[in-house]
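One structure is given here, and the rest of the page talks about it.
The values are calculated or read from the model by the stated rules, or taken from the named source; none is laboratory data. Every value quoted in this text rests on a predicted model; they were computed, and no experiment measured them. For neighbour counting, all protein chains shown are included, and Cβ atoms are generated from backbone atoms with ideal geometry for every residue, glycine included.
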Amino acid sequence: CNFTINNTVYSNTTDLANGSEISTLNVTFIDGGEYFWNTTCADTNNNVSFTPDTWNFTIVVSELTPSSINVTILTPANNTDWANTTMLNFTGSVDTAYPVDHCNFTINYTEYQNTSVTGNGTQTFGTNVTFIEAGVYWWNSTCLDDNNNQSTSGSFNFTINETYIPPIGPNSSINLSQDFPLNDSYWVNGTRMEFNWSVNSTYDIVDCNLTIEADVYQNTTNLGNGSTAGGLNVTLFWERTYIWKVMCADSNG
């Protein structure tokens, strides 16, 4: 019996006895596509028979093949801000079944090659780059192993600013907290009370004002940048609830 698959004949030379018999043949397919097949058998009396119908099947080749290499990027973190002239350390991680040939960092279409990773398994690698020009930068990493398997990570971005002030508080270069007296506390009228606060600033503090109800008391001592403390002594005579707050301004407005 012969099997014909897309005009290619595969012969089965196993002798079959008379009566009902089953003929089989194993074929491996590499190429995807639609295949048509039928069967022809001949007996010892030169009688030939064809299958009445031609059947079809489809071979689908998966586009997703297992990868023996995987690359992820680590630092600098995604969507961060840096001052110009800062040297940034770019690091990534590669996990391979075969030894690594090399890894590249691509930053705004410029490649920086790293050849410090050579073995297989999980390894980290990195390079240092200094940026002068302000702008938004996108980067990723690609690694190639000795078996010509290649993997590219996802992409991160960062921003280089010409003048960047690291924030001390959320979206601010100045952070202020009221320390004493405690909120919702009780005092005897006529007591000389000490109001204290703490301020942390990138720029020099110009002044701090203590406001109690509608009265404003200015404090200009202990000024400077970094972490500093301020305070004023005030005597309150009226028996009532007082609302107080502190406002500070630095030399950057």
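Test GLY224 against the stated conditions and say whether it is in a loop (DSSP other than H, G, I, E, B), at pLDDT 75 or above and touching a strand residue (DSSP E or B) at 6+ places or on another chain (Cβ under 8 Å). So GLY224 fails the test.
Taking the stated definitions as given, is ASP81 within 22 Å of ASN161 (Cβ to Cβ), touching a residue at least 12 places away in the same chain (Cβ under 8 Å) and not hydroxyl-bearing (Ser, Thr, Tyr)? It is true that ASP81 is within 22 Å of ASN161 (Cβ to Cβ), touching a residue at least 12 places away in the same chain (Cβ under 8 Å) and not hydroxyl-bearing (Ser, Thr, Tyr).
Taking first residues from segment 226-246 that are in the same structural domain as SER198 (by TED's automatic domain parsing) and partners that are among the small types (Gly, Ala, Ser) and assigned to a loop (DSSP other than H, G, I, E, B), the Cβ contacts under 6 Å between residues at least 6 apart in sequence or on separate chains come to PHE237/GLY190.
Within segment 104-160, take every residue that is charged (D, E, K, R) and more than 11 Å from VAL94 (Cα to Cα) and give me the one that is surrounded by the most Cβ atoms within 10 Å (Cβ to Cβ). Reasoning before the result, please.
The initial filter retains those residues of segment 104-160 that are charged (D, E, K, R), namely 111, 133, 145-146.
Narrowing further to those that are more than 11 Å from VAL94 (Cα to Cα): 111, 133, 146.
On the way: GLU111: 9, GLU133: 9, ASP146: 12.
Taking the candidates together, the pick is ASP146.
How many residues does segment 161-176 hold that are surrounded by fewer than 16 Cβ atoms within 10 Å (Cβ to Cβ) and at pLDDT below 80? Adding up the residues that qualify gives 10. When the residues of segment 71-96 are narrowed to those that are surrounded by 14 or more Cβ atoms within 10 Å (Cβ to Cβ) and of a type in the set (A, V, I, L, M, F, W, C), which ends up farthest from THR124 (Cα to Cα)? That would be ALA83.
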